[in-house]
Amino acid sequence: MTDSFNPRNTAQIFDRYAKFHDDVPVGQNLKVLKYNDFDMLFRRSVSEARQQRLADGSDARVAELGILSPVDTAELFYAVADKDGKGFLTAADFNDLARSVSDALEGSQKDPSMIQFELMKELARRENNRHVDDSSMDSSSMLSALKRLEMLHGGDDLELSDYSAVRAYVSANRLHRIDDKAFKAMLRALPDVKLRQVFPQKEPSSGEASLPTTSLAKLAQQIYHDRVPSSAIRQLETIAFDTYGVQLDFQAAHMMLRLLGDLPALNRLIKAEIFSESPDTVTQQDFFRYANANNPLPVPLSEVRLYFKWNAVLLREQEQISGIRSADMMAILTDDMVSSAESSDPSFSLYPFISSAYSFVLGSIAGAIGATLVYPIDMLKTRMQNQRGKGVYKSYLDCFQKIIRNEGLRGVYSGLLPQLVGVAPEKAIKLTVNDAVRRLGRNHSPHGDITMPWEILAGSCAGACQVIFTNPLEITKIRLQVQGEQISALAKLGETKIPKTAAGIVHELGLRGLYKGALACMLRDVPFSAIYFPTYANLKKHMFGWDPANTRKQGNLQSWELLTAGALAGVPAAYFTTPCDVVKTRLQVETPMGDKAYRGIGDTFKRILKEEGPKALFKGGLARVCRSAPQFGFTLATYELFQRSVPLESFYPDPKDGKVGKVGKAPLQPLQPLRETARQILPQSSFLSPKIPKSGSQK
């Protein structure tokens with residue numbers, strides 16, 4: 001079962017989520033769980049259970065309780081644990097709750113609705129003990145308990161609250177006593193009750209009531225307390241548009257919500273059919289007959305058709321997914337140092353390593369091409385930063401024209417080789433260090449999330465560590481970039497200078513010389529990373545809703561979203577660190593004859609301010625800002641082109657993939673997995689769908 005309610009882990013889990021609260025009574029100088037703290041813990045527990053990808057068992061029951069219950073299970077758990085009505089849970093309260101939940105989940109006879117029934121009886125007993133017995137409770141005590149639950153947070157819309165929906169159902173059905181069967185029937189009916197409470201009245205002109213299909217997602221989340229994964233919500237909306245169009249009447253909305261609520265049961269049924277009868281194919285009619293023969297409640301053929309469409313659309317979406325999905329590859333392409341959680345298979349396979357190496361190699365090649373295409377901007381940046389005083393360049397355009405005129409196109413790409421050599425190692429170092437520090441930060445966070453100080457520290461450490469590798473390449477590149485300028489200046493005086501090669505510069509500088517300006521390089525890269533990575537992560541989170549750990553938000557972003565976040569994050573990071581970049585450039589270039597050499601960082605700052613003014617510290621700032629976005633764009637486009645031209649599956653297919661026919665945009669067909677493919681996939685299927693991967697795709 002999920003670790004959050006494992007009695008062996010209660011102390012660690014409690015300490016991670018509990019807090020000190022000022023309004024806890026004097027003498028209770030303890031960390032406690034208030035409802036919002038517990039709700040965060042509960043959501044994480046449900047997310048962990050769903051990631052187990054099991055069709056049954058205790059984890060599946062946790063997921064079903066937490067995601068698709070029209071009565072909020074988190075409120076029930078919390079209220080039952082708070083026996084004295086204190087308004088908070090102590091460590092002892094949480095430990096008792098974990099044991100109770102563990103016992104209930106391990107009982108195979110306990111389906112999710114029966115677990116909720118026992119919890120509700122306990123709350124009703126506290127309201128009026130005389131009206132609750134071992135098998136039932138009176139409706140007034142249950143309603144009183146639900147009314148008390150509303151006081152925990154007061155966040156539900158009044159018309160869609162659990163209390164108002166249950167009260168309407170009890171009144172309409174004239175219920176006085178609620179036993180387990182009546183409670184289960186009520187839970188199944190509540191989504192429809194809530195739907196009727198918000199569904200518009202009939203329109204006078206047409207006599208038909210409807211709501212926009214676009215409102216289905218919000219409605220489903222309101223009914224299920226904003227706990228349904230965003231991927232399932234988007235899937236539901238896709239099928240609704242495909243089946244019913246832009247408007248939903250009551251019956252259409254009812255069918256879509258029924259499909260969502262029945263997904264766990266339908267998944268269990270189709271798994272049971274395949275493993276008990278071993279068919280070569282599973283058609284809609286076959287499954288319809290099997291489901292109605294083995295399910296306690298009838299399953300209409302219309303719901304079976306929607307269920308098959310649910311899985312067919314999943315396959316169609318996989319056909320259309322861009323190849324840019326690997327966390328390793330996205331780190332290489334966009335400096336994405338926030339790795340997403342990916343499912344893993346316990347069986348050993350070389351495929352994950354081969355896939356990572358493939359992504360790394362292709363990403364490195366694509367990154368090198370992207371760097372090559374924007375290299376002229378870097379050249380202009382270095383030349384502008386290196387000129388003392390007014391210099392020879394009036395503007396970026398003037399600089400470019402003079403380089404072409406005096407040195408030719410080859411001069412624009414002087415120093416490119418060191419730049420290309422450093423692309424892949426620089427990204428690898430950043431990824432490894434930043435990810436390690438972020439992981440350390442999560443382990444030290446009370447709620448398992450990454451806080452802003454840890455984000456800044458992770459980025460700073462990544463920037464500091466990369467200097468060890470990149471400084472020798474930087475100084476070599478810069479000297480190659482500016483030597484053409486020096487040769488042209490000497491040529492005007494009638495003198496000649498033999499151009500140096502990268503190897504010659506390395507030999508001339510020696511090991512100690514290769515790290516000249518390393519401190520300045522660190523002063524540039526550490527603040528850059530400290531600004532860039534937190535800004536990038538928060539732009540993804542707040543602008544595009546990215547959060548793989550939160551089931552209510554997106555776990556994957558499109559390429560253009562990553563590109564936008566990366567480009568915007570690079571603006572402040574690049575511009576505000578330009579002064580350090582100018583100092584680094586001045587320290588690392590070869591001092592021309594007749595000029596006074598800079599003696600260190602402090603001396604360089606003082607002399608630039610004194611001789612050229614504060615504005616000189618921002619020379620090349622515009623070029624630094626404008627380089628990132630085009631480089632990201634070129635790199636992403638190149639990677640996609642390479643991946644389509646040389647797919648990994650063409651020479652090393654994923655051994656876990658089955659041979660499943662493509663759906664594409666063809667008319668929807670019956671779900672027809674091969675027997676062996678189904679045997680491999682369904683036991684590990686996700687909570688909301690037995691998602692069948694297309695051949696050659698990576699899970």
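Values in this text are rule-based calculations from the coordinates and carry no lab data. In this text, all values refer to a predicted model and were calculated from it rather than measured experimentally. Positions of Cβ are generated from backbone atoms using ideal geometry, with glycine treated the same way; all protein chains shown enter the neighbour counts.
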Quiz item: From the residues Gln483, Tyr515, Thr591, which one has its Cα farthest along the dipole of the stretch 353-650 in the positive direction, the dipole being from +1 and -1 charges on Cβ of Lys/Arg and Asp/Glu about the Cα centre?
Solution: Thr591
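Could you tell me which of the pairs Lys427/Lys540; Lys540/Lys619; Lys430/Lys615; Lys34/Lys181; Lys86/Lys181; Lys477/Lys540 are separated by over 28 angstrom between their Cα atoms in the structure shown?
Values: Lys427/Lys540 20 Å; Lys540/Lys619 30 Å; Lys430/Lys615 31 Å; Lys34/Lys181 33 Å; Lys86/Lys181 32 Å; Lys477/Lys540 33 Å.
Distance filter (> 28 Å) returns Lys540/Lys619; Lys430/Lys615; Lys34/Lys181; Lys86/Lys181; Lys477/Lys540.
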Quiz item: Amide H of Leu248: which non-local residues (sequence gap of 5 or more, or other chain) have their own amide H closer than 5 Å, using H built in the peptide plane?
Solution: Leu211, Thr213
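Counting only Cα atoms, I'd like the Rg/Rh figure for the stretch 410-540, Kirkwood definition for Rh.
Numbers: Rg = 19.1 Å, Rh = 16.7 Å.
Ratio of gyration radius to Kirkwood radius for the stretch 410-540: 1.14.
For the stretch 353-650, how big is the tail of P(r) above 34 Å, as a whole percent of Cα pairs?
So the portion of pairs separated by more than 34 Å is 25 percent.
Charges only on Cβ, +1 for Lys and Arg, -1 for Asp and Glu: so what's the dipole of the stretch 353-650 about the Cα centre, in debye to the nearest 20?
Numbers: 37 positive and 22 negative charges, 160 e Å.
Charge dipole, the stretch 353-650, about its Cα centre: 760 debye, nearest 20.
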Self-check item: Dmax and Rg, reported as Rg then Dmax, of the stretch 364-458 (C-alpha, Å)
Solution: 19.8, 61
